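*Asks:* My questions will all concern the structure given below.
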Amino acid sequence: MTMMKSPTSTSYLILAPVAILLLLFLLSSLNRTGAGGGSDGLGVLCARRAGTRHPTAAVSARAEAAEPELSLLVGILTMPKRRERRDIVRLAYALQPPAAGARVDVRFVFCNVTDPVEAALVALEIMHHGDIIVLDCAENMNDGKTYAYFSSVPRLFAAAPYDYVMKTDDDTYLRVAALVGELRPRPRDDVYLGYGYNMSGDPKLFMHGMGYVLSWDLASWVSTAEEILARNDTLGPEDLMLGKWLNLAGKGRNRYDLKPRMYDLSWDMDNLRPDSVAVHMLKDNRRWATTLRYFNVTAGIKPSKLYHLP
C-alpha cells in the first residue's frame, strides 16, 4: 500500500530551500553594510546621487569618520551652449588626485536657460551629473552674474556651508590639491585670495577674474549688502566690481596673491610650470590638450588592443 504525502509536508520541502537562500542573501547584505558598503556620502572625484556613482565635476574627498579639514565650493561660470567645454572640464577635474582632508565641490553656473532646446539638454546633464546651478538672472558676463552667484550661494548651501567659495571660468584649469594646499594654513574668515592685479601701486587691490576665492563670511556679506545694489555696483568688469565692494566696505583684509602660480598660458604655450595652481586662457581644445599633457593627466591610461594613441 503506497502512503500519500500530506500537502503540508510537500510545502515544507518546497519552501525550505527558498528560505535558506533568502537567509544567506540577508546575511551577505548585512556583512557588506558592516564592512563599509553603506552610504559614504560624496566619493572621490564623483558625486553620489540616488545610490549611483557618476563621473562628474564634483571633486570631493571621501567622507571619512573625521570631518574634512576645509571645504571649498568652486563655481565655474559658463553658458549652456558650451557643452563640449564642460565635458573636457569635467574630465580634467575628475581625473585629478583628491585633495587630502578636504571637501571640494565643483559646479557649473548658468543664468536662466530660456531656449527650449538648451533647456532639454541641460536637464539631461543635471539628471546625469548633478553638477549644475541655474541662477535667476539673464545670461551675461559683466552685467551682474558674479553678484548673482555670490549672493545666491549662502542661501543655496545654508544647510551645509563651505569654508570658502571660488569663482572661476571655463577656460581655467584649476589644480585642486595645489589650491587646497594654499588655503589650508589660511584663516577661515575675511579671506580674498587669487591672482592679484596691480593697480595704483597696490598689487592686491582686486583679484583677476581667472579665479578668486572668498571665505564664506564674505560671500554671506555680499548676499546681504544693500549698499552694493544701492550704488548699482553689479554692472561692469566683474573682478573689478568685486574688489570694489570689498575695498569700500573695508573687508577682505586677509588677502593673498598667488602669482606666479596662477597665470595666463602664453601664446606659444611655453610658460607652464609644475607648481601651478591655475592656468588661464585655455580658449580651445589645443590649449587644453597641451596643458593636460604637461601635467600628465592621461599618464595612467592602460595599454589595450582596443585603442592606439600617439
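*Asks:* Could you work out what % of the accessible surface of region 245-310 is carbon and sulfur, using a 1.4 angstrom probe and leaving DNA, RNA and ligands out of the count?
*Replies:* Ligands and nucleic acids excluded, carbon and sulfur reach 56 percent.
*Asks:* Kindly flag which residue pairs out of LYS145/LYS204; LYS251/LYS283; LYS145/LYS259; LYS259/LYS302 have an alpha-carbon separation exceeding 30 Å in this structure.
*Replies:* Working: LYS145/LYS204 23 Å; LYS251/LYS283 33 Å; LYS145/LYS259 25 Å; LYS259/LYS302 36 Å.
Exceeds cut-off: LYS251/LYS283; LYS259/LYS302.
*Asks:* Might you tell me the accessible area per residue for region 230-286, computed with a 1.4 Å probe and given in Å²?
*Replies:* Values: 3010 Å² over 57 residues.
Normalised by residue count, the accessible surface of region 230-286 is 53 Å².
*Asks:* Let me ask something else about it. Could you give the nm distance between label points at ASN232 and ILE301, where each point is 7 Å from its Cα heading toward the beta carbon?
*Replies:* Roughly 5.3 nm, to one decimal.
*Asks:* Add +1 for every Lys or Arg and -1 for every Asp or Glu among the other residues with Cβ under 14 Å from the Cβ of SER215, and state the total. Could you put the intermediate results ahead of the total?
*Replies:* Details: positive: LYS167, ARG184, ARG186, ARG188, LYS251, ARG253, ARG255; negative: ASP163, GLU182, ASP189, ASP190, ASP217.
That works out to +2.
*Asks:* Sticking with this one: What is the sum of charges around VAL89, taking Lys and Arg as +1, Asp and Glu as -1, for the other residues whose C-beta is under 15 Å from the C-beta of VAL89? Write down the numbers at each step before the final one.
*Replies:* Numbers: positive: LYS81, ARG82, ARG83, ARG85, ARG86, ARG90, ARG107, LYS167, ARG175, LYS283, ARG287; negative: GLU84, ASP87, ASP105, GLU125, ASP131, ASP169, ASP170, ASP171, ASP284.
Surrounding charge for VAL89 is +2.
*Asks:* With a cut-off of 16 Å, note down the residues of region 152-177 whose backbone N falls inside the zone around a label point 7 Å from the Cα of GLU69 toward its beta carbon.
*Replies:* Output list for this probe position: 163-164, 176-177.
*Asks:* Place a label point 7 angstrom from the Cα of LEU156 along the Cα-to-Cβ direction, then list the residues of region 203-228 whose backbone nitrogen is under 18 Å away.
*Replies:* Inside the label zone: 211-225.
*Asks:* In a shell of Cβ-Cβ distance under 12 Å around ILE228, excluding ILE228 itself, what net charge do Lys and Arg (+1) and Asp and Glu (-1) give?
*Replies:* Values: positive: ARG231, LYS244, LYS251; negative: GLU226, GLU227, ASP233.
Once positives and negatives cancel, what remains is 0.
*Asks:* I want to make sure I understand the PRE zone here: with the label point 7 angstrom from the Cα of MET199 toward its beta carbon, which residues in region 137-163 have backbone N atoms less than 19 Å away?
*Replies:* What the label zone holds, given the 19 Å backbone N cut-off, is 141-148, 150.
*Asks:* Sticking with the crude label model, points 7 Å out along Cα→Cβ, report the distance from ASP87 to HIS128 in nm, one decimal please.
*Replies:* If labels sit at ASP87 and HIS128, their model points lie 0.8 nm apart.
The values are calculated or read from the model by the stated rules, or taken from the named source; none is laboratory data. None of these values were measured; they are calculated from a predicted model. No Cβ is skipped: glycine too gets one built from the backbone with ideal geometry, and neighbour counts run over all protein chains shown. Protein only, heavy atoms only, side chains kept; ligands, DNA and RNA dropped before computing areas. Shrake-Rupley method; radii C 1.70, N 1.55, O 1.52, S 1.80 Å.
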